[in-house]
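In what follows, a structure is listed as structure tokens, so that the remarks can point back to it.
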Amino acid sequence: MIDEISSLDKRFKTISLDDIEIINEYVKKYPKENCDFNICTLFTWGLYFKLEYTIFNDRLILFNPFYGYLLAPLGEDFTAQELFQINNCCEKIHKKVEIMVVSEDYVNSTPSLGEYFTIYNDLDWNDYVYSLESLVNLSGKKLAKKKNLVSQFMRQYSDWEIKKIENKDFNEIMDFVYYWKSVHVEQNEYLDIEIEALKLALKNWDCLPNEGIKLYVEKKLAAFAIWSPQKEDMVTVHYEKYDPAIKGAGQVINHETAMLLKDRYKFANREQDMGLPGIRQAKRSYQPLRLVPFYRLKSK
């Protein structure tokens, strides 16, 4: 197989919406908890970054030529040596390559990885996983403040409603997002890219398994959330934005999302905090069940 790998760099093609079926086949057959392997994530962020892929020996290999990121292949595990050769081959495309989103199981079961790679868990990109039951009930002392904010919102605003997101909602949601960005304290390059990915999610709404809801207060958009399936028992919430001027709007959109999803899934993946202190504090305040590790491999 090593000889076959040597020409791998010539096999990649840039993804398009026409490739959803073949890529989704691997995503479903080899389900992962990391949101990076969610079909909607792959196609929204992937279309933005012009993600490339190939099917090699019945494994799906995805490569981000912009950053030189090679996602851990989906399929039967490669040996550490084979993975090292794949990494080296991709360096013909991008001079410096890292292998991303490597599973903890693979790291623990492949001791020879250390011969070829430096291995580290990037805490900024660990996924936060929650019990949907916990997000609905908001029980216990640590979640009491969230529950009180939901109750206060209900008492203060009698004229509020939830509506389903549809493909015609592009302009309304994007106008809201630009407002949210203008008042958001923490900024980094990934938030700007997130907005571009959201545009692609909305523009291709009927092509992807996204769903979402909007929260209105006195006929004005106050928050929205967008999600899609991750695994049979897990959903990933990709986007959740709210108007900070409306007290409790963030807690209510979170609670209403959980209420809608609790009978369909057991867990919610609410993605990463990107190393931003405010987002990290917000995600931790909801008491996650666990973090899904995000291992990187750098070739030695």
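The values are calculated or read from the model by the stated rules, or taken from the named source; none is laboratory data. On a predicted model such as this, the values are computed, not experimentally measured, just so you know. With ideal geometry, Cβ positions are generated from the backbone for all residues, glycine too; neighbour counts draw on all protein chains shown. SASA here: full protein model, heavy atoms, side chains in, ligands and nucleic acids out. Shrake-Rupley method; radii C 1.70, N 1.55, O 1.52, S 1.80 Å.
Just in segment 140-228: which trypsin sites (Lys or Arg not before Pro) are loop by DSSP and have at most 10 other Cβ atoms within 10 Å? Before the final figure, lay out each step's value.
Numbers: sites: 141, 142, 145, 146, 147, 155, 163, 164, 168, 181, 199, 203, 214, 219, 220; in loops: 219.
Those that pass, being in a loop and sparsely packed, are 219.
What is the helix-to-structure angle for 39-49, meaning the angle in degrees between its Cα long axis and the longest Cα principal axis of the chain, kept from 0 to 90 and rounded to the nearest 10?
Between helix and principal axis, roughly 70 degrees.
Per residue, how much accessible area does segment 157-215 have with a 1.4 Å probe, in Å²? Intermediate values should be presented prior to the final figure.
Details: 3080 Å² over 59 residues.
That works out to 52 Å² per residue.
By how many degrees, between 0 and 90 and to the nearest 10, does the Cα long axis of helix 170-183 differ from the longest principal axis of the chain?
90 degrees
Go through segment 89-102 residue by residue and turn each phi into a ³J(HN,Hα) via Karplus (6.51, -1.76, 1.60, θ = phi - 60°); whole Hz please, and just put x for glycine and proline.
With coefficients 6.51, -1.76 and 1.60, one gets 5, 5, 6, 6, 8, 9, 4, 10, 10, 10, 9, 10, 6, 7 Hz.
I want to check the label-to-label distance for residue 172 and residue 7. Put each point 7 Å from Cα in the C-beta direction and report it in nm to one decimal.
Spacing of the two 7 Å Cα→Cβ label points: 5.4 nm.
Decide, for segment 34-180, between rounded, prolate and oblate: order the square roots of the alpha carbon gyration tensor eigenvalues as a ≥ b ≥ c, take rounded if a/c falls under 1.5, and otherwise choose prolate if a/b is larger than b/c, else oblate.
Working: a/c = 3.13, a/b = 1.83, b/c = 1.71.
Prolate.
What is the extension gain from residue 154 to residue 206, computed as 0.36 nm multiplied by their sequence separation minus the C-alpha to C-alpha distance, in nm to one decimal? Provide the component values of the computation, followed by the final result.
Working: separation 52, 0.36 × 52 = 18.72 nm, distance 3.26 nm.
Computed gain between residue 154 and residue 206 is 15.5 nm.
Looking at segment 53-95, which trypsin sites (Lys or Arg not before Pro) are DSSP coil and have at most 10 other C-beta atoms within 10 Å of their C-beta?
Working: sites: 59, 92, 95; in loops: 92, 95.
In loop regions of segment 53-95 (DSSP not H, G, I, E or B), the sparsely surrounded trypsin sites (Lys or Arg not before Pro) are 95.
A 26 angstrom limit on the alpha carbon distance is what I want to check against. Which of 163/262; 164/241; 146/219; 92/203; 203/231 exceed it?
Over 26 Å apart, Cα to Cα: 92/203.
What translational diffusion coefficient, to the nearest whole µm²/s, does segment 93-169 have by Stokes-Einstein, given a Kirkwood radius computed over alpha-carbon pairs, a temperature of 10 °C and 1.306 mPa s viscosity?
Details: Rh = 18.1 Å.
It comes out at roughly 88 µm²/s.
What does the extension gain come out to for residue 119 and residue 245, with contour length at 0.36 nm per residue minus their alpha carbon separation? The partial results should precede the final answer.
Working: separation 126, 0.36 × 126 = 45.36 nm, distance 4.29 nm.
Here the answer is 41.1 nm.
Tilt of helix 20-29 relative to the longest C-alpha principal axis of the chain, in degrees (0 to 90, nearest 10)?
The two axes meet at around 90 degrees.
Counting only protein heavy atoms and a 1.4 Å probe, tell me what percentage of the chain's accessible area is made up of carbon and sulfur.
Using a 1.4 Å probe with all protein chains present, the chain comes out at 48 percent carbon and sulfur.
From the Cα trace of the chain, what convex hull volume per residue do you get, rounded to a whole Å³?
On the way: hull volume 39.1 nm³, N = 300.
Here the figure is 130 Å³ per residue.
Quick one: what are the phi-derived ³J(HN,Hα) couplings along segment 239-250, Karplus 6.51/-1.76/1.60 with θ = phi - 60°, whole Hz, x for glycine and proline?
9, 8, 10, 8, 7, x, 6, 9, 4, x, 4, x
For the chain, what does the helix formula give at 222 nm: sum of -39500 (n - 2.57) over DSSP H segments with n ≥ 4, over the residue count, nearest 500 deg cm²/dmol? All intermediate terms of the calculation are to be shown ahead of the outcome.
Working: 12 runs with 116 residues, N = 300.
Here the helix-only value at 222 nm equals -11000 deg cm²/dmol.
Please identify the chymotrypsin sites (Phe, Trp or Tyr not before Pro) of segment 65-126 that satisfy two criteria: DSSP loop assignment and at most 16 other Cβ atoms within 10 Å. Which are they?
Details: sites: 66, 67, 69, 78, 84, 106, 116, 117, 120, 125; in loops: 66, 67, 78.
Here the sparse-neighbourhood loop sites are 66, 67.
Based on the Cβ-Cβ distance of residue 79 and residue 144, what FRET efficiency does E = 1/(1 + (r/R0)^6) give at R0 = 35 Å, to the nearest 0.05?
Working: r = 50 Å, r/R0 = 1.44.
With a Förster radius of 35 Å, E is 0.10.
Mind putting a number on the dipole of the chain about its Cα centre? Charges go on the C-beta only, +1 for Lys and Arg and -1 for Asp and Glu, and I need it in Debye to the nearest 20. Walk me through the numbers on the way to the answer.
Working: 40 positive and 45 negative charges, 237 e Å.
Magnitude of the dipole: close to 1140 debye.
Along the charge dipole of the chain, which of 24, 294, 109 sits closest to the positive end, that is, farthest toward it, with unit charges on the beta carbon of Lys, Arg, Asp and Glu (+1, +1, -1, -1)?
Of the candidates, 294 comes out farthest on the positive side.
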